[in-house]
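Here the structure comes first, spelled out in structure tokens, and everything after it is commentary.
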Amino acid sequence: MRGFSLFGRLAAALICAGLLSGCQTLGQAGLIQSTVTAQLTPEAASSIASDMVGRLAEQVGPGNTTIRFTPDGSIFGQALQASLQSWGYAIVTDQKTDEANILALAYTVDEFEGAVLARLSTLRFDLTRMYKPGTEGALPVSPLSVQQHGSAGTA
């Protein structure tokens, strides 16, 4: 037997990521602390950030929300902030604001078996997807995983 198929490995990676998410330290507003351990080119970081913000917009609506996050200084953090702004989201990073109108956001980007596992986390949901970095960016190699949090009555 030659091992698991690509789909089997991706499924295992998503399950591991979900299990390991409980091990992350809490950052701002009860979220994980934003970290990037994967080595990304600016093109790959931009591709991943752009795709993930597009998927975020499917959950919260395009550009109608103020987003609070603390970038970690990585290329991905910078690309994520630029992508959020290009989608029309207002960004706050360290100001205290009316929490009722703010979506707190954190992210992690880790390497796994030659691919990159990216996750955007909010208090209401997590978005997770695997990407294969290439010379001109990164391509999704898994379906988007959406994990809802909290009670069913929240938006």
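The values are calculated or read from the model by the stated rules, or taken from the named source; none is laboratory data. Nothing here was measured: the structure is a model prediction, and the numbers come from that model. Glycine also receives a Cβ, built like all others from the backbone with ideal geometry; neighbour counts cover every protein chain displayed.
For the stretch 36-56, which residues satisfy the criterion of being of a type in the set (A, V, I, L, M, F, W, C) and either at pLDDT below 90 or surrounded by fewer than 18 Cβ atoms within 10 Å (Cβ to Cβ) (or both)?
Val36, Ala38
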Restricting attention to the stretch 64-75, does a residue exist that is surrounded by 13 or more Cβ atoms within 10 Å (Cβ to Cβ), at pLDDT 95 or above, within 18 Å of Leu31 (Cα to Cα) and touching a Gly at 6+ places or on another chain (Cβ under 9 Å)? no
